[in-house]
Amino acid sequence: MTAPLVEFESVVKRFGNFVAVEHLDLAIHKGEFVAIMGPSGCGKTTTLRMLAGLEQPSEGEIRLSGKRMNEVKPSERDTPLVWQTLALFPFLNVVKNVEFGLKMRGLDATARTAKAMEWLERLEIAEFSQRDISQLSGGQRQRVALARALVTEPEILLLDEPLSALDAHLVIRMQGVLTRLQRELGITFVYVTHSQSEAFAMADRVVIMSNGLVEQIGEPREIYREPVSRFVAEFVGRNNIVEGAVSHLSRGKVALTSDIGTLVASKPAKLQAAQGDRLSFVVSADVMSVSDAKPRSENVVQCELISEEFIGSVVTLFLEAGPGVELKAQIQQRDIEKIDTSPGAKLYLSWPSSNVHILPQPQKR
Amino acid sequence: MNADRSIAIFLRIYIGVVFCFVFAPIVASFVFSFNTDRFPTIPLGGFTLHWYETILSDPDVWDALRVSLITSVTVSVISTFIGFCAAYTDFRYKFFGKNAYLALALLPPTIPLVIMGLAMLAWLSQIGMSGYIHSIIIAHVVMCTPFAMAIIRIRLAQMDPSLEAAAWNLGASEWRAMSNVIVPFALPAIISAMCLTAAVSFDEFAVAWFVSGLNKSIPVIILEILQGQVDPQINAIGTFVFIVSMTLVIVAQVLLMTRTKKEAPA
């Protein structure tokens, strides 16, 4: 395997007493679409800004194509950024905005206009080339910002929550545009977001950060199905987390005594647990089955329906399984008609033991 | 409903009265500058340009005009430059004692002009620089810079702070980001500040009178004419000064307003 394009090695960033990034080791390969995701203040934007040279790491080293970048000025890196605010120049028209990077590289006027127009065409906004930025819609501005960042044909593009200001339907469209561009150009995208749907829809790999630390790095599917910590399990998706003590261990199964009864999970080969150890089972809301009558299967829990949330084709049910234990189940709209959904209805939740993910026991940091 | 209406009418009348109060003397001066009578009396005499001719044939007035023009143009350039630097420092950097720095930078207009003039005279003669055109320039730069800074600061405050970093990110050095992003963004405010500081300097009497020595500026010559003889020459020259100042101030205002409107989010 070739050397990574971007390497963070033991990078720490402090602002006064505040530690924004506590200890970051991360390698990003050429052509990868990496999303860095986490709640606000987790250090994801700081990480991106360090890569662009807008912040200097307090400790550690950042390398780009193997070359140490810590002291390199932002203007001497080829790491264009698409800003959360877009940061388009309001006193320049569309094409002049896109030309900016080329002008700074000393290209002559005709060459840079031609190049800029090429990119405007590619992003389907060539007809607006002479407009002022203030005359564009949100989606069009977004495309100008992309064109401006890509016009110098960099190896890597940094994106800082670029879609956060757009309407929901435009977000989906721009996701398509971004994914297609990234595939076609074959360049590396580093995408910072707090939105799980954006990260999972586009990225090859997702980095989950919290309080300046990386919680998990993996493919979206892996993070979704096999979160490594309670934080990831809670942050990602609609997960149910049940904690309990191991009551029985057999070759293929682990049984857990919890507040809502005895639950069973398939035992992963590498699980090292003894009777009495405390473990957390994670069950995604979408593997839950809901029924009126008690089903004859494993992991059956009787619940009381609290509320439902309807979002199109799927419905999320919020149920109370015992005092203070809330479970979520996500079922298809067409299945909901088969059950009683009046508030307070007694329902049975069940799930197969093969769909239970066991959180690794917390390690001491 | 009716009460609201009468309050509205009252307020309109009130504003009208205020404007009359402010502008009546200027209008009067303007009208009497074309009046044949030596003293401002009503009914008016005939129409004449005599007073303007008298003014324009006075070599002292031409000298004063030259002094005033050199001063106000130079002052506007220097104080706008310093004001821009001060405003940019405020925009870009956080440092210990920043509030004290800002307070000091914005202080000069709060000093009474007579005090300022005296202090300037004492200081400039101490270092042997009193009585020249550049004495007026130095004194006026001190007075005008805070205005320039205030105007440019407001403009920079409207700027997305990531704009400058975006320029660096696209390969602009700090200097090029300054000349290609910060200055173009602040340009309406810069021109506006130049007009306003030129107007302030062009009008200013007290300090100029103290430090100018033999290099009399327009306001100083007005006082001299007034002390010599009272006739509508004063009205003529006053009208001229008023038009110059108002033009500069209006240009400044229009520039600031149109720019802000245009950039309002769509």
task = Read through the list (1) farther than 30 Å from A:ARG105 by Cα; (2) open to solvent by 30 Å² or more (accessible area, probe 1.4 Å); (3) in contact (Cβ under 8 Å) with a residue 40 or more places away in the chain, then give the number of the only condition that B:PRO146 fails.
result = (2)
task = Scan B:LEU255, B:LEU248, B:LEU196 and give me the residue that is open to solvent by less than 50 Å² (accessible area, probe 1.4 Å) and within 14 Å of chain A (Cβ to nearest Cβ).
result = B:LEU255
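Could you say whether any residue in the range A:212-225 is surrounded by 16 or more Cβ atoms within 10 Å (Cβ to Cβ) and within 23 Å of A:SER137 (Cβ to Cβ)?
Among the residues of the range A:212-225, not one is surrounded by 16 or more Cβ atoms within 10 Å (Cβ to Cβ) and within 23 Å of A:SER137 (Cβ to Cβ), which makes the answer no.
Got a number for residues in the range B:175-205 being farther than 17 Å from A:PHE91 by Cα and out of contact with any Gly (no Cβ under 7 Å at 6 or more places or on another chain)?
Qualifying residue count for the region: 13.
Test B:TRP62 against the stated conditions and say whether it is open to solvent by 90 Å² or more (accessible area, probe 1.4 Å), within 28 Å of the chain's Cα centre (by Cα) and among the aromatic types (Phe, Trp, Tyr).
Criteria met by B:TRP62.
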remark   = Within the range A:38-61, the count of residues that are more than 14 Å from every other protein chain (Cβ to nearest Cβ) and either in a loop (DSSP other than H, G, I, E, B) or touching a helix residue (DSSP H, G or I) at 6+ places or on another chain (Cβ under 6 Å) (or both) comes to 8
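Residue-wise test of (1) surrounded by 14 or more Cβ atoms within 10 Å (Cβ to Cβ); (2) at pLDDT below 90; (3) β-branched (Val, Ile, Thr); (4) farther than 30 Å from B:LEU163 by Cα.
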residue	(1), (2), (3), (4)
B:SER76	yes, no, no, no
B:SER79	yes, no, no, no
B:PHE84	yes, no, no, no
B:ASP90	yes, no, no, no
B:LEU106	yes, yes, no, no
B:PRO109	yes, yes, no, yes
B:MET116	yes, yes, no, yes
Close pairs from the range A:169-183: first within 14 Å of A:GLY31 (Cβ to Cβ) and at pLDDT 90 or above, partner basic (Lys, Arg) and assigned to a helix (DSSP H, G or I), Cβ under 9 Å, at least 6 apart = A:LEU181/A:ARG122
query = Of all residues in the range A:1-36, which are part of a loop (DSSP other than H, G, I, E, B) and open to solvent by less than 50 Å² (accessible area, probe 1.4 Å)?
reply = A:PRO4, A:LEU5, A:HIS29, A:GLY31, A:GLU32
inquiry  = Can you tell me which residue is nearest to A:ALA233 (Cα to Cα) among those in the range A:306-328 that are touching a residue at least 24 places away in the same chain (Cβ under 8 Å) and charged (D, E, K, R)?
reply    = A:LYS328
request  = State whether the residues of the range A:161-184 include one that is surrounded by fewer than 22 Cβ atoms within 10 Å (Cβ to Cβ), touching a Gly at 6+ places or on another chain (Cβ under 8 Å) and more than 30 Å from A:VAL6 (Cα to Cα).
outcome  = yes
note = When B:THR36 is run through (1) open to solvent by less than 40 Å² (accessible area, probe 1.4 Å); (2) in contact with a Ser or Thr (Cβ under 6 Å, 6 or more places away or on another chain), the failure sits at (1)
note = Checked against (1) open to solvent by less than 30 Å² (accessible area, probe 1.4 Å); (2) closer than 23 Å to A:ILE223 by Cα; (3) at pLDDT 85 or above; (4) out of contact with any helix residue (DSSP H, G or I) (no Cβ under 9 Å at 6 or more places or on another chain), A:VAL246 satisfies every condition except (2)
query = In the range A:95-111, how many residues are away from every other protein chain (no Cβ under 12 Å) and open to solvent by less than 50 Å² (accessible area, probe 1.4 Å)?
reply = 2
note = When every residue in the range A:66-79 that is facing chain B (nearest Cβ under 8 Å) and either touching a strand residue (DSSP E or B) at 6+ places or on another chain (Cβ under 6 Å) or of a type in the set (Ser, Thr, Tyr) (or both) is compared, the one most open to solvent (accessible area, probe 1.4 Å) is A:SER75
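Which strands (runs of 3 or more DSSP E) sit wholly inside the range A:278-322 and have at least 1 residues that are open to solvent by 40 Å² or more (accessible area, probe 1.4 Å), over 23 Å from A:ALA265 (Cα atoms) and of a type in the set (D, E, K, R)?
Fully inside the range A:278-322 and qualifying: A:300-311.
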message = Kindly evaluate B:ILE182 against the criterion of being within 16 Å of the chain's Cα centre (by Cα), within 14 Å of chain A (Cβ to nearest Cβ) and open to solvent by less than 40 Å² (accessible area, probe 1.4 Å).
response = no
ask   = Checking A:LEU92 against (1) open to solvent by less than 30 Å² (accessible area, probe 1.4 Å); (2) free of Cβ contacts under 8 Å to residues at least 60 places away in the same chain; (3) touching a strand residue (DSSP E or B) at 6+ places or on another chain (Cβ under 9 Å), which test does it fail?
value = (1)
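The values are calculated or read from the model by the stated rules, or taken from the named source; none is laboratory data. No experiment lies behind these values; they were computed from the predicted model shown. Counting neighbours? That spans all protein chains shown, and the Cβs are built from the backbone with ideal geometry, glycine included. Remember, those area values only see protein heavy atoms, side chains included, never the ligands or the DNA or RNA. Shrake-Rupley method; radii C 1.70, N 1.55, O 1.52, S 1.80 Å.
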